[in-house]
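Student: There's a structure below that I have some questions on.
Since every read-out is calculated from the coordinates, none of them should be taken as a lab result. Note that the coordinates shown come from a computational prediction; the quantities given were computed from them, not determined experimentally. Cβ placement follows ideal geometry from the backbone for every residue including glycine, while neighbour counts extend to all protein chains displayed.
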Amino acid sequence: MGTFVLEATGLVKSFGQTHALAGVDLAVRTGEAVAIMGASGSGKTTLLHCLAGIIRPDAGQVTFRSGAGGVDVTGLGERERSRLRREAFGFVFQAGLLIPELTASENVALALMLNGMPRPRAEEYARGWLAALGLAGMEDRRIGQLSGGQAQRVAIARAQVTGASVVFADEPTGALDSATSAEVMSALLHSTVGQGRTLVLVTHDAQVAERCGRIVDVRDGRIVGERAGAGAAPAAGPAAGPAAGPSAGPSAGPEVAA
Ligand SMILES: Nc1ncnc2c1ncn2[C@@H]1O[C@H](COP(=O)(O)OP(=O)(O)OP(=O)(O)O)[C@@H](O)[C@H]1O
Ligand SMILES: [Mg+2]
């Protein structure tokens with residue numbers, strides 16, 4: 001079943017009188033895809049942000065385990081959490097948060113350059129990942145010159161290029177039609193669990209959630225249910241996806257970026 005890459009216990013987070021998280025325990029295995037579902041305002045994004053070290057819970061603990069051992073994410077200071085996010089985690093959001101003035105390849109290369117890789121090498125890696133995600137020939141287009149699904153694949157490339165061991169995605173298909181959404185999910189699953197990495201995804205879309213190995217239901221800041229999805233379990237990657245899988249892309253880990 002694999003080891004736990006993330007383990008959260010007793011997470012509590014309030015914003016004023018709003019109890020966004022009211023005691024959440026969640027353990028995520030290496031190589032697993034977990035979908036978090038729930039009504040608007042139920043605490044999904046807050047949970048994702050606590051797991052990823054973006055915000056600190058009021059109580060509870062998040063442990064991240066890598067080859068280098070376990071890290072108490074909640075105990076880290078702002079700088080260390082920021083470094084952990086840059087080096088070990090990747091992020092894909094609904095709007096992509098790409099920089100519109102930059103090209104596809106510049107957007108992806110930026111993630112590597114922030115980790116210290118020189119620009120020419122970063123752009124070379126970026127192009128490799130974009131090609132692996134089916135975007136060959138579009139590397140020099142600005143984000144506004146791409147379709148929604150293409151732009152989201154650029155965001156996926158950016159989340160992968162640093163060799164992130166966990167990718168966090170918050171409604172990554174929220175702005176897409178169902179056909180494009182299915183394609184983007186294929187790309188996302190292939191480049192994460194297909195490579196033995198871990199995906200934690202928030203979605204309102206049952207079809208998207210079903211493609212994950214496990215679906216967790218959140219209500220009023222608590223986990224109220226859990227079931228298996230149709231997606232592959234850890235160690236058995238999904239079969240469907242883009243013809244040129246990201247396995248063709250470079251696997252620049254943070255150590256390579258040094
Ligand atoms: N920064 C904040 N300040 C104040 N309240 C917040 C903040 N972030 C979240 N909340 C509140 O906490 C609760 C949980 O919010 P959260 O964003 O986690 O919900 P969600 O499940 O992601 O919802 P959605 O599906 O609409 O994105 C909501 O009531 C929300 O209004
Ligand atoms: Mg949300």
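Student: Quote to one decimal, in nm, the extra length available between T3 and A136 on full extension: 0.36 nm per residue of separation minus the C-alpha distance between them.
Tutor: 44.3 nm
Student: What list do you get for V224, V62 if you sort them by fewest beta carbons within 10 Å?
Tutor: Sorted ascending by nearby Cβ count, the order is V224, V62.
Student: Just F15, F64, F93 to compare: in a GNM of the chain, with alpha carbon springs under 10 Å, which one fluctuates most?
Tutor: F15
Student: For R219 and S14, compute 0.36 nm times the residue count separating them, minus their Cα-Cα distance, and round to one decimal in nm.
Tutor: 72.3 nm
Student: In whole Hz, what ³J(HN,Hα) sequence does region 104-111 give by Karplus (6.51, -1.76, 1.60; θ = phi - 60°), x for Gly and Pro?
Tutor: Karplus-based 3J(HN,Hα) across region 104-111 equals 4, 5, 5, 4, 6, 4, 4, 4 Hz.
Student: Right, here's the next one. Where does each of T46, T180 land when they are ranked from fewest to most other beta-carbon atoms within 10 angstrom?
Tutor: T180, T46
Student: Please list, in order along region 76-82, the HN-Hα scalar couplings obtained from phi with the Karplus expression 6.51 cos²θ - 1.76 cosθ + 1.60 (θ = phi - 60°), rounded to whole Hz, x for Gly and Pro.
Tutor: 7, x, 4, 5, 5, 5, 5
Student: In debye, nearest 20, what is the charge dipole magnitude of the chain about its Cα centre with +1 on Lys and Arg Cβ and -1 on Asp and Glu Cβ, if you could check?
Tutor: Dipole magnitude for the chain comes out near 260 debye.
Student: Can you tell me the FRET efficiency between E226 and E124 if r is taken as the Cβ-Cβ distance and R0 is 41 Å, rounded to the nearest 0.05?
Tutor: 0.45
Student: Decide, for region 122-173, between rounded, prolate and oblate: order the square roots of the alpha carbon gyration tensor eigenvalues as a ≥ b ≥ c, take rounded if a/c falls under 1.5, and otherwise choose prolate if a/b is larger than b/c, else oblate.
Tutor: Since a/c reaches 1.5 but b/c is at least a/b, the shape of region 122-173 is classed as oblate.
Student: Another question, if that's okay. Per-residue HN-Hα couplings for region 51-62, Karplus 6.51 cos²θ - 1.76 cosθ + 1.60 at θ = phi - 60°, whole Hz, x for Gly and Pro?
Tutor: 4, 8, x, 7, 10, 9, x, 6, 8, x, 9, 10
Student: What ranking, highest mean first, results for peptides 142-155, 76-89 when packing means the other Cβ atoms within 10 Å averaged over each residue?
Tutor: 142-155, 76-89
Student: Going by C-beta contacts inside 10 Å, put S66, S186, S191 in order with the fewest on the left.
Tutor: Sorted ascending by nearby Cβ count, the order is S66, S186, S191.
Student: Under 1.5 on a/c is rounded, so check that first for region 84-215, then, if it is not, pick prolate when a/b is larger than b/c and oblate when it is not; a ≥ b ≥ c are the square roots of the alpha carbon gyration tensor eigenvalues.
Tutor: Judged from the Cα gyration tensor, region 84-215 comes out oblate (a/c at least 1.5, b/c at or above a/b).
Student: If you don't mind, there's one more thing I want to ask. Counting DSSP beta bridges with both partners in region 4-257, what percentage is antiparallel, nearest 5?
Tutor: Percent antiparallel among DSSP bridges in region 4-257 is about 60.
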